[in-house]
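Data block below; observations after.
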Amino acid sequence: MRRRWIIIIALVLLVATLALVLRIVDSESDNRRRGEEQAAQHMEEYSGIVAEVADGMCEVLVDFDSVAYGTTTVKNIRIVNVGTTPLVLLDNTTQCRCMWLEYSREPIAVGESIDISLMFDSRGEWGSVGNYMTITTSREEASIVLWIAAEVQ
């Protein structure tokens, strides 16, 4: 009799554990789907440059077109977090002092976005300019590379 109760309790615990695991997996897929829907909504409202950051490298071309020598030009970029965890933009590196970023270091929730500003200073640059900037994030596997092109007149 005692053995039967132990087996019944073990089966109940097993079923409860399976139900909990299925609920967690279902919740994660719901969060991912909800994040993708919110990201799509953010892109519909914005007609500029959009970078969707998931897990891996996100590369974006930022074309400044024709820039007059000695001027500073700004391009706004919308960063959308389509990953599974919040994202923070930590730092950026470039080989050229002709460009820099302005951005918030606030966490970007899954499915949310922020706008950053990329500035390009044409002083000291001539002709076709091509360079890149790497933005490191709080998720080690997720980085953003901004490829910059400009024609300085």
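In what order, largest first, do Glu140, Glu52 sit by accessible area if the probe radius is 1.4 Å?
Most to least solvent-accessible, the answer reads Glu140, Glu52.
What is the magnitude of the charge dipole of segment 86-153 about its Cα centre, with +1 placed on the Cβ of each Lys and Arg, -1 on the Cβ of each Asp and Glu, and no other charges, expressed in debye to the nearest 20? Present the calculation step by step, with values, prior to reporting the outcome.
On the way: 4 positive and 10 negative charges, 34 e Å.
Result for segment 86-153 is approximately 160 debye, rounded to the nearest 20.
The values are calculated or read from the model by the stated rules, or taken from the named source; none is laboratory data. Please read these numbers as outputs of a predicted model, since none were measured by experiment. Quick reminder, even Gly has a Cβ in these numbers, built from the backbone with ideal geometry, and neighbours come from all protein chains shown. Note: accessible area is taken over every heavy atom of the protein model, side chains too, but ligands, DNA and RNA are not part of it. Shrake-Rupley method; radii C 1.70, N 1.55, O 1.52, S 1.80 Å.
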